[in-house]
Amino acid sequence: HVEARSIHHVGVAVADLDAAVRTYERLFGGRLEHRELVDDQGVEAASLRVGDSRVELLAALEEDTPVGRFLAKRGEGMHHIAYEVGDVAAALERLAAEGVELIDTRPRRGMFGLEVAFVHPDSVHGVLSEVVSVG
């Protein structure tokens, strides 16, 4: 198994990133931590701190992207949960050894330049899961 240190963030797919940021600021006291385009994932993302936790808001850059297809099929809502691990590559090896279906077989660059990889939701009871290493 993988030793997750904590839940790093909850990812939420949104149609309008600016409106969603304002909503999380107004309703939950969210503080914008970082915002960036993640071209290889086809999203513009905003990370907000809510207390000691983090919510990552994801807006699709185009319809034919993972988040764009998610929004078209399901509408706005929870997209994924990210678990912080010490080493993404080692976590992927352990998960593969457990027979887990991986979306990413190697780490890739995510927000903040962190190493990330995704695990198929079929292996995690319907929840798209991400492993992320903060270094």
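The C-beta contact set for region 96-124 (first residue of a type in the set (Ser, Thr, Tyr), second residue open to solvent by 40 Å² or more (accessible area, probe 1.4 Å), distance under 7 angstrom, 6+ apart or interchain) comprises Ser123/Glu101. Of the residues making up region 86-106, those that are closer than 11 Å to Val132 by Cβ and buried (at least 19 other Cβ atoms within 10 Å of the Cβ) number 2.
For region 107-122, a residue qualifies if it is within 15 Å of His79 (Cα to Cα) and either among the charged types (D, E, K, R) or open to solvent by 20 Å² or more (accessible area, probe 1.4 Å) (or both), and the qualifying residues are His120, Pro121, Asp122.
Can you tell me which residues in region 93-135 are charged (D, E, K, R), in a loop (DSSP other than H, G, I, E, B) and farther than 15 Å from Val38 by Cβ?
In the first step, residues of region 93-135 are kept if they are charged (D, E, K, R); the result is 93-94, 98, 101, 104, 106, 108-109, 115, 122, 130.
Filter once more, so that each one left must be in a loop (DSSP other than H, G, I, E, B): 98, 101, 104, 106.
Passing the criteria: Glu98, Glu101, Arg106.
The values are calculated or read from the model by the stated rules, or taken from the named source; none is laboratory data. What you are looking at is a predicted structure, and each value in this text was computed from that prediction instead of being measured. Note that each Cβ is placed from the backbone with ideal geometry, even for glycine, and that neighbours are counted across all protein chains shown. Each accessible area value is taken on the protein alone, full model and side chains, heavy atoms only, with ligands, DNA and RNA left out. Shrake-Rupley method; radii C 1.70, N 1.55, O 1.52, S 1.80 Å.
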